[in-house]
Amino acid sequence: MEWAGGAHFLFLRNESGMVDTLKLGTRLAPVIAGLGLRCEGVEWIPSGGGGVLRVYIEVDGREVGVDDCEAASRALSVLLDAEDPIPGHYTLEVSSPGLERPLFTATQFARFAGSDVKVTLKLPVAGRRRLRGRILAVDGERISVEAEGMTHAFLGTDVERAQLVPDWAALGYAPQPKPGGPRAKGKLENRTGGASGSRRDEMDTTGRGDAPGGASQ
């Protein structure tokens with residue numbers, strides 16, 4: 001096992017080969033809780049080279065730091081080495097949610113009621129699979145989002161992927177026009193050391209039984 005840049009036991013794959021992130025997140029959460037942190041959710045991003053297992057962590061009362069991500073990466077690597085839930089080569093990535101925070105549960109939608117959000121549903125609801133709008137309300141598992149002047153309701157279990165849409169201008173990140181010149185163009189650069197305001201630590205996992213090398217940031 002090698003450590004790359006500092007940053008749901010069982011084969012948790014379904015018939016399509018995708019990792020069951022809900023079960024894996026449930027399995028990883030106690031390890032993260034033991035560090036005084038909280039597991040917000042797990043993503044599996046497949047690729048030809050193996051894929052990325054991304055774990056989002058949070059902590060109450062302060063921001064997640066690089067040390068938190070590194071500690072969680074090391075603790076999770078021990079469990080993943082021992083139980084080997086994902087066969088083959090993959091990269092473990094531990095990160096804070098960042099400004100473009102992903103939402104994994106109806107409870108998380110409720111926490112950010114009134115915020116703008118992008119949602120991709122597993123199947124179309126009222127002819128729509130992708131929505132961008134404002135979180136209106138959450139009642140149990142039922143989520144209501146206002147998009148393009150209409151209210152769309154769906155269940156938390158219907159969501160394939162969702163994330164907050166920050167108001168970049170209000171946060172002071174929007175490009176400002178130069179005096180007497182055209183508006184500045186270009187891609188927003190990360191200003192806090194992680195993707196879109198997140199803190200991140202990564203580990204390259206090649207198999208079981210290898211000892212970790214030195215961590216870098």
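Evaluate the distance, in nm, between pseudo-label points positioned 7 Å from the Cα of LEU35 and of VAL52 along their respective Cα→Cβ axes.
Using points 7 Å along Cα→Cβ, the separation is 1.8 nm.
Can you give the FRET efficiency to the nearest 0.05 for LYS23 and ALA169, using r as the Cβ-Cβ distance and R₀ = 45 Å?
Between LYS23 and ALA169 the formula returns 0.70.
Given 0.36 nm per residue, what is the gain on full extension from ARG129 to ILE45 after removing their alpha carbon distance, in nm?
28.2 nm
Note the full-extension length gain between PHE112 and LEU136 as 0.36 nm times their separation in residues minus their Cα-Cα distance, in nm to one decimal.
7.7 nm
Calculate the dipole size of the stretch 68-112 relative to its Cα centre from +1 charges on Lys and Arg beta carbons and -1 charges on Asp and Glu beta carbons; express the result in debye to the nearest 20.
Here the stretch 68-112 has a charge dipole of around 280 debye.
Every number in this text was worked out from the coordinates using simple rules, so none of it is lab data. Keep in mind that what you see is a predicted model, and the values were worked out from it rather than measured. Because the Cβ atoms are built from the backbone with ideal geometry, glycine has one as well, and the counts that use them run over all protein chains shown.
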